[in-house]
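The values are calculated or read from the model by the stated rules, or taken from the named source; none is laboratory data. All values reported here derive from a predicted model rather than from experimental measurement. Heads up, the Cβs are rebuilt from the backbone with ideal geometry, glycines too, and the neighbour counts pull from every protein chain shown. For accessibility, only protein heavy atoms count, side chains too; no ligands or nucleic acids. Shrake-Rupley method; radii C 1.70, N 1.55, O 1.52, S 1.80 Å.
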Amino acid sequence: MAHYIFGYGSLMNSASRQLTGQTSHAITATAHGFKRYWGKVDDSYILSPLVVNRGDGQVNGVLLQVDDQGLIEFDRRERGYHRVTIGAEQIDSDYELAKHDQVWVYIKDQPEPPCDLSPIMQTYVDTVLAGCLEISEQFAKQFVEHTIGWHFPLENDRHQPKYGNLAGVTPEHHSQIDALVALARA
């Protein structure tokens, strides 16, 4: 039996997830029966990251195979969330999961909306969208379309990053990311 994490935010970015632990290569997938939001996880966060909870929707992301130690490392990274299993029937992917494989996703049952004290942080958006763009521009557009809450406060911290797992983002990404965010916030 293999263990997989379904990553739907910064874990889609290969450089960011390597700051935590080793995984397999990313396998694109869509999870059904979930909704992705911008929302506060707990009071220790200075930003509002992405959160997923059960609901009538779909979330694009990546499947990442991890060993038992990797699962512990990612549990630590994803503090404030809890890990639940996703049934194989809820996953659409070109990759065929084995019958006994286990897929986990980190969720937050009742996220609070972002606010001025805990806004959406631009460097977090940059990390996530750079990860999406590793896959394709269409994948990034799908991420934007299936994420709720783009109207909440967003702080541009590019000049002094506040997101601790910022990685894999170059200045060349900024114009493409800004165009995607402008569509989302329109």
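Only protein atoms count toward the accessible area here, which uses a 1.4 Å probe; on the chain, the carbon and sulfur part of that area reaches 48 percent.
The charge dipole of segment 121-167, taken about the Cα centre with unit charges on the Cβ atoms of Lys, Arg (+1) and Asp, Glu (-1), comes to about 80 debye, rounded to the nearest 20. Ordering 72, 119, 107 by Cα displacement along the dipole of segment 72-119 toward the positive end leaves 72 in first place; charges were set at the Cβ atoms of Lys, Arg (+1) and Asp, Glu (-1).
In Å², what does the accessible area per residue of the chain work out to with a 1.4 Å probe? Accessible surface, normalised per residue, equals 48 Å². Working note: Karplus 6.51/-1.76/1.60 with θ = phi - 60° gives segment 133-144 the couplings 5, 4, 8, 4, 5, 5, 4, 5, 5, 4, 4, 4 Hz, where Gly and Pro are set to x.
Distance distribution note for segment 88-186: the fraction of Cα pairs above 23 angstrom is 36%. Note on the chain: GNM, Cα springs under 10 Å; of 55, 21, 80, the largest mean-square fluctuation is that of 55.
All C-alpha to C-alpha distances of segment 3-185, sorted into 5 Å bins beginning at zero, yield P(r) values of 1, 8, 18, 23, 23, 16, 7, 2, 0, 0 percent in whole numbers.
Of the chymotrypsin sites (Phe, Trp or Tyr not before Pro) found in segment 85-145, those in coil by DSSP whose Cβ has at most 14 other Cβ atoms within 10 Å are 95. Between the listed residues 181, 150, 93, the Cα displaced farthest toward the positive end of the dipole of the chain, a dipole computed from Cβ unit charges relative to the Cα centre, is found at 150. Normalised by the number of residues in the chain, the average gap of Cα pairs under 8 Å and 6 or more apart makes the relative contact order 30 percent.
Tilt of helix 68-77 relative to the longest C-alpha principal axis of the chain, in degrees (0 to 90, nearest 10)? For 68-77 against the chain, the angle is about 20 degrees.
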